[in-house]
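Enquirer: I'd like to ask some things about the structure below.
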Amino acid sequence: MVPCSLPGQGVFGPPKDRGAALAVLREAVSSGVDHIDTSDFYGPHITNQLIREALSPYPAELVIVSKIGARRGGDGSWIPAFSREELAQAVHDNLHNLGLDVLEVVNLRSMFNAHHPVDASLEAPLTVLAELQRQGEVRQIGLSNVTPTQIAEGRKHCEIVCVQNHYNLAHREDDALINSLGHDGIAYVPFFPLGGFKPLQSAILSGIAARLGATPMQVALAWLLHRAPNILLIPGTSSLAHLRENLATASLRLPEDAVRELAAITI
């Protein structure tokens, strides 16, 4: 689960309904969700504060994964934050607002371009993050919005446990990368699994959903789960009804003819 949908519009400012945001978090965990993806730049600070209020003290099985590498401007803009001081402060802000002594996983978000990966060295920020790991503030390190070259570079500096990139039924540039990471036992966590700010739409997708008695978004999530065993899903929502819909995807099985049709989609 990713709670970036909980703050205001554009992942900025307070939620429209704070009570509903807290209820979504509590029901997610009580329903068995054990992986929450967050960042202190969601809000900023607001999402982590909501997580702490709703869920602390945290269940032992809950893994909270955060991201650093960006900060928010006063107008809600996304600004790269790669200096040693900014990265250290981001870790400390996450710890403080989540009420944790150590972050289980921290993803370094590449911000050479906020919208797509750009091949450029991550050595300097990864060095800082590895130092924070040795100091005991971070247990495990992941990467986000990165290329295969950057992943290979990162693995020279520290163990990389997960990669979080843009991937869904209509955006499949990372097909080969998913397979490669799976071979090496590295999790792949697709962000925008339902299309992001432009929800997935396809006559084929809608037709398969109708045949299966599901929603198109449930089919799109089920396809991701079918795609590879190393894929972890983090669909975001601020709605209890949508949360329950997403959770029901776990029991949706796609027949092989549906998988073939979905594989041929171009959206």
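The values are calculated or read from the model by the stated rules, or taken from the named source; none is laboratory data. Here the structure is a predicted model, which is why all the values come from computation and not from measurement. We place every Cβ from the backbone using ideal geometry, glycine too, and count neighbours over all the protein chains shown.
Enquirer: List pairs: first in segment 15-32 and over 11 Å from Leu240 (Cβ atoms), second outside any helix (DSSP H, G or I), Cβ under 6 Å, 6+ apart or cross-chain?
Expert: So the pair list comes out as Pro15/Leu6; Pro15/Pro7.
One line per residue, one yes/no per condition, for (1) surrounded by fewer than 17 Cβ atoms within 10 Å (Cβ to Cβ); (2) among the acidic types (Asp, Glu):
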site	(1), (2)
Thr38	no, no
Ile68	no, no
Gly76	yes, no
Ala81	no, no
Leu87	no, no
Asp93	no, yes
Leu98	no, no
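Enquirer: Shifting gears a bit: In segment 56-76, what residues are farther than 18 Å from Asn246 by Cβ and hydrophobic (A, V, I, L, M, F, W, C)?
Expert: Answer for segment 56-76, where residues must be farther than 18 Å from Asn246 by Cβ and hydrophobic (A, V, I, L, M, F, W, C): Ala60, Ile64, Ile68, Ala70.
Enquirer: Please go through segment 109-143 and pick out each residue that is in contact with a helix residue (DSSP H, G or I) (Cβ under 7 Å, 6 or more places away or on another chain) and of a type in the set (Gly, Ala, Ser).
Expert: Within segment 109-143, Ser110, Ser121, Ala130 meet the criteria.
Enquirer: Separate question: Among the candidates Arg253, Arg244, single out the residue that is surrounded by fewer than 18 Cβ atoms within 10 Å (Cβ to Cβ), at negative phi and in a helix (DSSP H, G or I).
Expert: None of the other options fit; the residue is Arg244.
Enquirer: Turning to a different aspect of this structure: Among the numbered conditions (1) over 19 Å from the mean Cα position of the chain (by Cα); (2) surrounded by 16 or more Cβ atoms within 10 Å (Cβ to Cβ); (3) at pLDDT below 95, tell me where Leu169 comes up short.
Expert: All conditions pass for Leu169, except number (1).
Enquirer: I'm trying to understand the selection: among the residues of segment 125-166, which are surrounded by fewer than 16 Cβ atoms within 10 Å (Cβ to Cβ) and of a type outside the set (S, T, N, Q)?
Expert: If the condition is that a residue be surrounded by fewer than 16 Cβ atoms within 10 Å (Cβ to Cβ) and of a type outside the set (S, T, N, Q), then Glu131, Arg134, Gly136, Arg139, Pro148, Ala152, Arg155, Lys156, His157, Glu159 are the ones that fit.
Enquirer: Please verify whether Pro229 is of a type outside the set (D, E, K, R), part of a loop (DSSP other than H, G, I, E, B), touching a helix residue (DSSP H, G or I) at 6+ places or on another chain (Cβ under 8 Å) and surrounded by 20 or more Cβ atoms within 10 Å (Cβ to Cβ), treating the condition exactly as stated.
Expert: no
Enquirer: So, one more: Out of the residues in segment 1-24 that are assigned to a helix (DSSP H, G or I) and at pLDDT 85 or above, state the one that is surrounded by the fewest Cβ atoms within 10 Å (Cβ to Cβ).
Expert: In this case the residue turns out to be Gly19.
Enquirer: Name every residue in segment 193-217 that is in a helix (DSSP H, G or I) and buried (at least 19 other Cβ atoms within 10 Å of the Cβ), in order of residue number.
Expert: Hits for segment 193-217 are Leu205, Ile208, Ala209, Pro216, Met217.
Enquirer: Would you check which residues across segment 45-63 are hydrophobic (A, V, I, L, M, F, W, C), touching a residue at least 40 places away in the same chain (Cβ under 8 Å) and within 27 Å of Gly76 (Cα to Cα) and list them?
Expert: Ile46, Leu50, Ile51
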